[in-house]
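**Student:** Dropping a structure here in structure tokens format, bear with me for questions.
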Amino acid sequence: MLDDEATLCSVEILAEAVEMAFVPGILELRTLRDALNEALRNRSPSAVRLAYSAFSRVDHDFRSQITHHALELAALRRRSAGPTSPNTGTGGGAPARSSNRGIDGPRRA
């Protein structure tokens with residue numbers, strides 16, 4: 001059983017990013033979505049490896065879009081978590097974004 005919270009958080013963020021970029025009918029995206037959900041359910045290293053393998057088979061343009069969404073989601077989570085102790089080695093965060101800008105641009109069909 002995987003109990004590394006950072007890895008599980010990364011898988012969760014990636015699963016959310018895949019949902020944001022999801023286009024019905026694209027088999028690789030459905031396979032990736034299913035693999036990430038399975039990794040979150042099972043919490044096993046082999047399920048995480050399978051999800052990574054599924055991600056590596058996704059088209060480059062979709063991977064770039066998913067990566068963009070994941071980085072934005074991670075920055076939002078970091079900001080919403082609030083300040084951290086200087087002793088934890090985390091913190092800093094991404095620069096503030098103007099309130100009129102969303103986390104993703106126009107969707108491609």
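The values are calculated or read from the model by the stated rules, or taken from the named source; none is laboratory data. For clarity, every value in this text was computed on a predicted model and none was experimentally measured. Don't worry about glycine lacking a Cβ; one is built from the backbone with ideal geometry, like all the others, and counts go over all protein chains shown. Areas reflect the complete protein model, heavy atoms only, side chains present, ligands, DNA and RNA absent. Shrake-Rupley method; radii C 1.70, N 1.55, O 1.52, S 1.80 Å.
**Student:** Return the residue satisfying two criteria in turn: it lies in region 44-63 and is surrounded by 12 or more Cβ atoms within 10 Å (Cβ to Cβ) and hydroxyl-bearing (Ser, Thr, Tyr), and of such residues it is farthest from residue 19 (Cα to Cα).
**Tutor:** Among them, the one singled out is 44.
**Student:** On the given criteria, is residue 78 over 12 Å from the mean Cα position of the chain (by Cα), exposed (fewer than 15 other Cβ atoms within 10 Å of the Cβ) and of a type in the set (Lys, Arg)?
**Tutor:** No: the conditions fail for residue 78.
**Student:** Moving to a separate point now. Only helices (runs of 4 or more DSSP H) wholly contained in region 1-68 count here; list those with 2 or more residues that are more than 27 Å from residue 80 (Cα to Cα).
**Tutor:** 27-42, 45-56
**Student:** Let me ask you something else. For region 5-13, does any single residue satisfy the condition of being open to solvent by less than 60 Å² (accessible area, probe 1.4 Å) and touching a Pro at 6+ places or on another chain (Cβ under 6 Å)?
**Tutor:** Taking region 5-13 and keeping what is open to solvent by less than 60 Å² (accessible area, probe 1.4 Å), we get 7-9, 11, 13.
Then keep just the ones that are touching a Pro at 6+ places or on another chain (Cβ under 6 Å); that gives none.
Checking region 5-13: not a single residue is open to solvent by less than 60 Å² (accessible area, probe 1.4 Å) and touching a Pro at 6+ places or on another chain (Cβ under 6 Å).
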